[in-house]
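See below for the structure under consideration.
Computed from the coordinates by the stated procedures, all read-outs in this text should not be read as laboratory data. It should be emphasised that the depicted structure is a prediction, and the values quoted were computed from it without experimental measurement. Backbone-built Cβ (ideal geometry, glycine too); neighbour counts: all protein chains shown.
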Amino acid sequence: MRMEISIADILKLGVSERIQLVEDVWDSIASVPEAMPLTEKQKEEIDRRIAAYHANPSLGSPWKIVKKRILTKK
């Protein structure tokens, strides 16, 4: 059975609920990575970011902290 959800329905959700929806959709996409092959440019960018992280891992913020910061902003 297919569920129909309109943009209007999505916009009725609160911000945190919409963020959760996006996370859920992204997780469903990420669970089948072979469905979306990366371009060479994307692979190079990933390699660049991994190298930057390894060069200085303290520059970034963990996802939990970033998510909390996003959800608590008004």
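Numbers for the structure displayed
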quantity: Nearest 10 degrees, 0 to 90: helix 40-55 Cα axis against the chain principal axis; calculated: 70 degrees
quantity: Check: the chain dipole with +1 on Lys, Arg Cβ and -1 on Asp, Glu Cβ, in debye; calculated: 560 debye
quantity: Mean residue ellipticity (222 nm) of the chain, computed from DSSP H runs ≥ 4 via -39,500 (n - 2.57), nearest 500; calculated: -19500 deg cm²/dmol
quantity: Lysine pair number, Cα distance threshold 25 Å (strictly under), the chain, separation 8 or more or different chains; calculated: 6
quantity: Cα gyration tensor shape of the chain, rounded if a/c is under 1.5, else prolate or oblate by comparing a/b with b/c; calculated: oblate
quantity: Acute angle (nearest 10 degrees) that the helix 63-72 long axis makes with the longest principal axis of the chain, alpha-carbon atoms; calculated: 40 degrees
